[in-house]
1. With +1 on each Lys and Arg Cβ and -1 on each Asp and Glu Cβ, and nothing else charged, work out how big the dipole of the protein assembly as shown is about its Cα centre, in Debye to the nearest 20.
2. How much net charge surrounds A:I267 when only other residues with a Cβ under 11 Å from its Cβ are counted (Lys, Arg +1; Asp, Glu -1)?
3. Under a Cβ-Cβ cut-off of 15 Å, what is the net charge of the residues other than B:G42 that fall near it, where Lys and Arg count +1 and Asp and Glu count -1?
4. When B:R132, A:R184 are ordered from fewest to most other Cβ atoms inside 10 Å of their Cβ, what list results?
5. Taking springs between alpha-carbon atoms closer than 10 angstrom, which of A:L44, A:L293, A:L94 fluctuates most in the Gaussian network model of chain A?
6. I'd like to verify something in chain C: which complete DSSP H helices, judged by Cα projection on the helix axis, reach 27 Å or more and average at least 0.0 on the Kyte-Doolittle scale?
7. Report the one residue of A:L41, A:A283, B:N11 whose Cα lies farthest in the direction of the positive end of the charge dipole of the protein assembly as shown (charges on C-beta: Lys and Arg +1, Asp and Glu -1; origin at the Cα centre).
8. Of the candidates B:G70, B:G15, B:G137, which one comes out as most mobile in a Gaussian network treatment of chain B with C-alpha springs shorter than 10 Å?
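Values in this text are rule-based calculations from the coordinates and carry no lab data. Note that the coordinates shown come from a computational prediction; the quantities given were computed from them, not determined experimentally. All Cβ positions, glycine included, derive from the backbone under ideal geometry; neighbour counts span all protein chains shown.
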Amino acid sequence: MRSRFMVLVLAGVTLAILVALGEVLPSWSIFLLVTAAAKGLAALGLVLVVRSGLLSFGQGLFYCAGGYGAGLLMLWGGITDMTLLVLAGGVVALLFGLLTAPLLASYRGIFFATLTLALSMLMHGALTKADFLGGSDGLNLHSPTLFGMRPASAAEAVYMLYLFSSVLVVVVAVACRLHFDSLRGLLSLATRDNEIRVEYLGASVSRVISENFIAAAFLGGVGGALNAIAVGHIDPELAFWTTSGEFVFVAILSGYLSVGAVFASSILLELIRSFSSQYFPNAWQMSLGIFMLASILFLPNGIGGLIVRRKERDSEKDPA
Amino acid sequence: MTVVLEAKQLNKSFGSVVAARDISVVVNRSERLGLIGTNGAGKTTFVNIVTGYIKPDTGNVCLEGRDITGHTPRSITRAGVCRSFQVPQLFLTLTTAQSLAVAFGIADGRAFSPEASIDAEMERKVEDMLERFRLTGYRNRVVAELPGGVRKLIDIAIAVTRTPKVLLLDEPTSGVAVEEKFALMDIVMSALGSDVTVLFVEHDMDIVSRYAQRVLAFYDGKIIADDLPETVFANQTVRTHITGTAN
Amino acid sequence: MELVTTILIDGLIDASWIFIVAVGLTLIFGVLNILNIAHGNFYAIGAYAAANAVGIYYSGSEAYPPMLGLVAMTVAALAVAVVLGPLLERGLLRFFYHRDEIVLVLVTYALFLILEDATKLIWGVNPYYAYEPYSLFGTVSIGKLDYVGYDFFLIGLAVVIGILLWLGLNRTRSGKVVLAVIHDREMSSAAGVNVTKIFVISFTIGVFLAALGGAFTAPKISVQPGLAVMVVLFSFAVAVIGGLGSIEGAAIASLIVGIARALAIHLAPWAELFIVYLAMALMLAVRPQGIFSPTALRKI
């Protein structure tokens, strides 16, 4: 466990590196980093759920809710500021989280996974038939602004979005890292390990799981909103189960111990996707599948497990 | 002598099996009670009713006068009745220190506040508990790697973080090597404050005679003896059905 | 009145292919405790294989009896099952049996991703058509409407499969052994059942059923990428509503899902897509173990 000071220092360094990269990298690759950030935020939400012992196959529900929340606020409400849109997306998704958490909190294992999937597909079905929301084609969005500044060119728009995403990601990452290291973070892991013991210590497992789930919903919405304004388009596919599957991929690859690993895995996903679509358009899903199998077989705690485990084992002592 | 826990006329059946028949027990503060009986005699059912795992069909349980019958395990724990388990229920991927920290955090409510970190105060409490239970050397070891006897101690230690009014230990020395049983009970008993009331289920009669001030003998869902250890062990019915030393 | 007939018949036709596929999924879950996300891929591969078989069979000389094309399709499905079933169960899935049940779901999800692309790499992205068998049974008139005879053949096929499965499980010795494994794997193993053999055979039968569903649906659709993704969802819905592991449940649930969809299509088109998931969500919320539940409930 790192001290708070170390976390902040690491965050500052990461932000500096990201900003520097933004000056150097070509536009297509910083756009890739933005979409990786969006997906990574949603996957980070899923990791929160995994930390309390459950796997959701419906994180897409919140990703979609956030996207539509931000998109509709832009199209109908005239708001174009990124910060407001992303916040709105998070809040809309949070509301969906508050609605669904009470139902979901009493389910475990496969039943939890299938119910989250069903709820997400419900949204997909409803949106596909909702013509006033664009139906299956979805809606196109306008360009976003930041604190009143409007980008002068496409390249500048991407760059502005990238800077915004970098700050957003670093802020969220710091918050999550501090949360992971806190008592509440430990309580999530304890719940994952042994729910009975948690109840017999006097804590409500239902509450632990619900809180994590609702926080996951918020993060899913923030990611969905960011994705929406980056891509400039929202459609029901955001709630399709294969979208949720991508978040599952990232969460499994990264494990639930390291925040950085989540974004690294998300970047990897985007790299595989864009590389493949150029050279092997019919093999990128296969690559993902193979990565996932390898991860399940050889890295049970994901990539993050490699980083974090070493630190925790440092101070082992043999009993006298 | 203040009454800390009272069970009145507890009855519980599972289908045609009567697990508890009119069980009534009055427990006084600071008492150390041993619960003995063969498997299926009703001691575990009694413990499970008191700790909220099952509801009795009839009868009630009162903690310091307050009725806790049929409450959830969570609520009963918060009221001050804590337990350890026959098979230790632990957080296998956490370290010993982390397990204690979580337990303390739940006990003082800070585990649910988003900004509560593991500060110096918490570390001090954890360190203190580690010392009391002779677990200091295992502070940063992941629980999954630890041997059975140590796991038993951790199971009991995390139950004690709440400074319970009543502590129920379910077979604290079962599965522990014979030569380590007394050491374990010594550690546990000396780690507990003198005002903690302890009920422990045990099969090892030596342990019971050494650490219990009073013994409850269960048989066929009933309490057949409730007295000092020597008296209970001399009881003919107890000797026939439980200790197997009848003449 | 006519509307009712239309809805019932459309629902029944839909229910037929859904049952054939979903019963395989529920069987795999019942015996092996695997929620097979790759199940839709077996359907798709069965459809492609049947399209190939049909293509080969009907391009031969006119002397081949057209009806035997159905046999060719069955053989195609069987080939898929016999190759993929043992290969995947022994070569991949069994390495994860000792781990949490969710891990197996992730493995089948990874398998889904791999097979999606494998199918595209083998058969390409252009649609295949296997329309010849579709006209084998002529047309059937019910009231004022004409239906394709092949669709009624499908209904008959589903019924036959259902009966054969039920008889196989409940009236044969090996079938009862399989039921025992579904109810309690550990006890069965302790009683001396060769659980490994049961696993491989059951999984292969499950794959066969999915492939068969795909093979016999192929004449009605264009066989192209994207089939697996939708089919797996319907199978899930049916298996969950019927109760994971229950054959009878799958039959009733298929009817429910088939008729629900038909109702939506005719009366409330806006609900067409999500009525199935609504039914699934409602069942999970109200009675998570499904209509019939041979396996234990995993809800707190």
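1. Working: 60 positive and 63 negative charges, 201 e Å.
Here the protein assembly as shown has a charge dipole of around 960 debye.
2. Details: positive: A:K39, A:R273; negative: A:E270.
Spelling it out: positives minus negatives among the neighbours equals +1.
3. Details: positive: B:K12, B:R21, B:K43, B:K222; negative: B:D22, B:D57, B:D170, B:E171, B:E202, B:D220, B:D226.
Once all neighbours under 15 Å are counted, the net charge is -3.
4. Values: B:R132 18, A:R184 22.
Fewest to most other Cβ atoms nearby, the residues stand as B:R132, A:R184.
5. A:L293
6. On the way: long enough: C:2-32 (44 Å, 1.95); C:39-58 (28 Å, 0.51); C:69-91 (32 Å, 1.71); C:101-123 (32 Å, 1.62); C:149-171 (32 Å, 1.60); C:195-217 (33 Å, 1.84); C:247-267 (29 Å, 1.72).
The answer, listed by residue number, is C:2-32, C:39-58, C:69-91, C:101-123, C:149-171, C:195-217, C:247-267.
7. Of A:L41, A:A283, B:N11, it is B:N11.
8. Comparing B:G70, B:G15, B:G137 in the GNM, the peak value goes to B:G15.
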